[in-house]
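Working notes, beginning with the structure itself.
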Amino acid sequence: MTDFDPAAPGPVPSPCISLCEMDAKTGLCVGCQRTIDEIVAWGAASDDERRAVWREIGRRRHALFDGNAA
């Protein structure tokens, strides 16, 4: 699992880890925990929008993998 600090300066890397499979239950990619809409929009997204997606990924990972509700 790749981590990125959305507060870090500079370019915003893609969260894609080339494990592209949508989970029907969560609606999220198994590899990067993004929605299909976030994946499709990534290429045209501004750095601010990309940072917002990374913040949401962090929240999702915390809820999914730490066992805490969102």
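The values are calculated or read from the model by the stated rules, or taken from the named source; none is laboratory data. Here the structure is a predicted model, which is why all the values come from computation and not from measurement. Reconstructed Cβ throughout: ideal geometry from the backbone, glycine too, with neighbour counts over all protein chains shown. These accessible areas exclude ligands, DNA and RNA; they are computed on the full protein's heavy atoms, side chains included. Shrake-Rupley method; radii C 1.70, N 1.55, O 1.52, S 1.80 Å.
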Condition first: open to solvent by less than 70 Å² (accessible area, probe 1.4 Å) and part of a helix (DSSP H, G or I). Now tell me which residues in the range 48-70 satisfy that. Arg50, Arg51, Ala52, Val53, Trp54, Glu56, Ile57, Gly58, Arg60, Arg61, Ala63
Can you list residue pairs whose Cβ atoms sit under 7 Å apart, with the first residue in the range 46-67 being without any contact (Cβ under 8 Å) to a residue 40 or more places away in the chain and the second being β-branched (Val, Ile, Thr) and surrounded by 12 or more Cβ atoms within 10 Å (Cβ to Cβ)? Count only pairs 6 or more apart in sequence or on different chains. Asp47/Val12; Arg50/Val12
When the range 45-70 is checked residue by residue, the ones that are of a type in the set (Asp, Glu) and within 27 Å of Pro9 (Cβ to Cβ) are Asp47, Asp48, Glu49, Glu56
If we scan the range 6-18, do we find a residue that is at pLDDT below 95, exposed (fewer than 15 other Cβ atoms within 10 Å of the Cβ) and of a type in the set (Val, Ile, Thr)? no
Determine whether the range 24-44 contains at least one residue that is of a type in the set (A, V, I, L, M), under 17 Å from Pro11 (Cβ atoms), part of a loop (DSSP other than H, G, I, E, B) and open to solvent by less than 90 Å² (accessible area, probe 1.4 Å). no
For the range 7-27, which positions are within 11 Å of the chain's Cα centre (by Cα) and closer than 13 Å to Gly58 by Cβ? Pro15
